[in-house]
1. On the basis of being in a helix (DSSP H, G or I) and modelled with pLDDT under 85, does VAL565 make the cut?
2. Considering region 142-184 alone, what residues qualify as being within 14 Å of ILE250 (Cβ to Cβ) and either in the same structural domain as SER32 (by TED's automatic domain parsing) or of a type in the set (D, E, K, R) (or both)?
3. State yes or no: is VAL503 of a type in the set (Val, Ile, Thr), assigned to a loop (DSSP other than H, G, I, E, B) and touching a helix residue (DSSP H, G or I) at 6+ places or on another chain (Cβ under 8 Å)?
4. Is it true that GLY191 is in a loop (DSSP other than H, G, I, E, B), under 19 Å from THR333 (Cβ atoms), assigned by TED's automatic domain parsing to the domain that holds LEU321 and touching a residue at least 12 places away in the same chain (Cβ under 8 Å)?
5. Give me the residue from region 71-82 that is without any contact (Cβ under 8 Å) to a residue 60 or more places away in the chain and in contact with a helix residue (DSSP H, G or I) (Cβ under 8 Å, 6 or more places away or on another chain) and, out of that set, surrounded by the most Cβ atoms within 10 Å (Cβ to Cβ).
6. When residues of region 47-79 are filtered for being among the β-branched types (Val, Ile, Thr), touching a Ser or Thr at 6+ places or on another chain (Cβ under 9 Å) and in a loop (DSSP other than H, G, I, E, B), how many remain?
7. On the basis of being touching a residue at least 60 places away in the same chain (Cβ under 8 Å) and either assigned by TED's automatic domain parsing to the domain that holds THR437 or over 28 Å from the mean Cα position of the chain (by Cα) (or both), does VAL562 make the cut?
8. Looking only at residues that are more than 22 Å from GLN7 (Cα to Cα) and either in a helix (DSSP H, G or I) or touching a Phe, Trp or Tyr at 6+ places or on another chain (Cβ under 6 Å) (or both) in region 98-117, which one is modelled with the highest pLDDT?
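The values are calculated or read from the model by the stated rules, or taken from the named source; none is laboratory data. These numbers come from a predicted model, not from an experiment. With ideal geometry, Cβ positions are generated from the backbone for all residues, glycine too; neighbour counts draw on all protein chains shown.
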Amino acid sequence: MHKTLPQRILIRAPNWIGDAVMCEPALRGLRSLFPLGELTILAKPNIAELYTGCSGVDQVLVYDDKGIHVGIAGKWALAGLLRRHQFDLAVLFQNAFEAAFLAWLAGIPRRYGYATDGRVLFLTQPVAVPRPESLVHQVEYYWNMLKPLGVSGDAPLPTLHVSTDEDRLVDDRLASAGIDSAHLMVGINPGSTYGSAKRWLPERFAEVAQRMVQQLEKEAGVGVAVAILGGRGEESLGKNIVSRLDCRSIVLSGATTIRELMAVVKRCRLLITNDTGPMHIAAAFGVPIVGVFGPTDSRTTAPYGQAQSVVREPVDCAPCLLRDCPIDHRCMTRISVDRVYETALKQMNVGRITEGRVSADSVKSQESATSSAKRSANRPGIESTVLAGYTIFLDRDGTLNADPGYIKSPDLLELFPGVPEALAKLKRAGAQLILVTNQSGIARGFLSHGDLAAIHTKLSHILDRAGASLEAIYFCPHHPDDGCACRKPNRGMIDQAVRERRVNLNQAYLIGDQVRDIELAKRVGVRSILVTTGMIRPQEIEGLKASTAPPEWIASSLTDAVDWVLSDAGQLSAQRNNERVRQ
C-alpha cells in the first residue's frame, strides 16, 4: 500500500445491470476506505443511470461505446477526458482487458483490479483471481477484491435509492392504468437480454401471476395488479402474458428508463423473475423475489440475502451458462407452476426481505393496514392523530445518511434520498423525533466536539426546512473500550431522553441500521425497525432473525420504515379501541 492516500479515484463499473447492483456494496466499501477521496464512476449509459444519486459517489462519467467513444478515436478521446481529471487510482471492477488498457492510456499511476483477461501488465496492483473451487457469490467477489486495499469483514446487502419525485412519477403512470397506491402490485419479469436459455415459459408466468392475484385478493382484501417488466424487444412477450390474465395489468416492457424501472420494482410487493438485472434491483430494494434459475449458477447470482427465493431443477447439464439451449431446455421446462407458486406464497408470507416478523402472522392485516397508512398520508386530519404521544428514536450514520466511516465535517454529511420527507410524515403524524448516535470518532481523535456540533447543525437545518425538526440529539463520544453507560447498545442515551423529554417507552419506536440498535430497543422495551441502508451483513440479519428478540420489521429504506411505523401504530390504536369497546 502507498503511504499517501489517493484523493481522486476512478471506479470502472461492471457492464451489466445485475452485476452493477451486486457491486454496490463494494462501492460503499471503497468510500469507507477513502472517506475524503473524490470517487468517480466510469460506466456505460444504463449503468451510469443506475448509479445516479448513489450515496458516497461524487460523480458519474458515461462511457458511450456506441456513440462518441466508439472505435480507436473514441477510446483515445475517452482516455484524454480521464487524463484531464488527474486520477490517482483506478479501481477496475470491470474485468476486461479494455478497462485496464484505458486506465493505463489515461496515465492513471495506480491501477487496481483482478488479474483477468491477460491484462496483468497494465495493472500496478493485480489481485489474484479466486480459484474456481472457492465459489463465492458475485457480491462477495467484488467485495473481496478490495480486501488487499484494507476492507474487512463480510459484504453488506446491496441497496439502491430513487428520489421522491421518481416515486411520484411512477405512481402517476401506474394511476393512468388504473393502478393506485392501495393496490398490491405483483411484478413479472419474463425476459432476459442474455439469451433465451434463461427464460421460463411465458404461459407459466401468466398462470402463476393469475393464481397470486386471486390468492392475494382473497386474503388481503384489496385490489391486486400485475406489472410486466422487461427490456426493448420483449414487448410482445409482455403482451402475450397479459392476454392470458384476467386482472388489472400494465405492460412496461421496453417502456421505462433504468430509473423508472427501479421505481416500479420498488413499488412491487413481489417480483417473479428469471435470473436478470431487475431481480437484483428488487433485492436491493428489499422486495420479496421468486427467481427461476436454469442455465446460470444460483450459488453466485442468487438474490443476495434471499437464498430461499431460488427455484431451480437440478439437472445434470446445469449450470451450463449458455445463451441458448442446444437440447430440450429441461432445466426450465421441468420447473412447474406449482413450485413457483408455492415459493411465491412463502415469500409473501414472510414479508419484505423475509425478515419482517409482524407480517408472518397475516398478509391481510399488514397489507390493509399499510394501504390505510398510505391513504392517510394525504389526509392530515387522520394522520395527525396516529402517532400523537409517540417518540421515534433514530440512529444517524447508515440510517439517515451514508456512512463513509467517520463523518468529520458537515461537507461529508449526505442524507439518503427521501429521508427528510419520511421524517416529515412522522412529525405530521404527531411524533417527536430524537437522535441517538454513537460518535467514538471524538475519542479516537478523528473529529472534535465542535466538528460534531457543526455536523448536527447542518443536519438540523436540512430537517427543519423539510418540517422534520428533531426534538433532541444525544450522542456518545466515548471509545468502545471505555465501558461507558451511554454507548449503544447500553441504554444511557435513552434513559436521559426519558428524563429530559418525558418519553413514554410504551409508545416509542427505534429505527437503526445495526445489531446494536435492535439490542438497545429490546433492552429498553420499545419496538424496533432495522433498515438495511447501512453496512449490516446478511449473516448478522440471519442472526437477528434467529434471536429471541428480532426486530419487529426490517425495511429497505427509512421511507419503508416510516410507512411501517404508521401502519403498526394504526393497528395498535385499532386494537386498543376494540378492547375498550369489548370492556
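1. No, not satisfied.
2. ASP171, ASP172, ARG173, ASP180 - these are the residues of region 142-184 that are within 14 Å of ILE250 (Cβ to Cβ) and either in the same structural domain as SER32 (by TED's automatic domain parsing) or of a type in the set (D, E, K, R) (or both).
3. Against the criterion (of a type in the set (Val, Ile, Thr), assigned to a loop (DSSP other than H, G, I, E, B) and touching a helix residue (DSSP H, G or I) at 6+ places or on another chain (Cβ under 8 Å)), VAL503 qualifies.
4. yes
5. Filtering region 71-82 down to residues without any contact (Cβ under 8 Å) to a residue 60 or more places away in the chain leaves 71-81.
Keeping just the survivors that are in contact with a helix residue (DSSP H, G or I) (Cβ under 8 Å, 6 or more places away or on another chain) gives 75-76, 78-79.
Details: LYS75: 17, TRP76: 13, LEU78: 21, ALA79: 19.
Top of the filtered list is LEU78.
6. Residues flagged as among the β-branched types (Val, Ile, Thr), touching a Ser or Thr at 6+ places or on another chain (Cβ under 9 Å) and in a loop (DSSP other than H, G, I, E, B) within region 47-79 amount to 1.
7. Criteria met by VAL562.
8. Taking the candidates together, the pick is GLU98.
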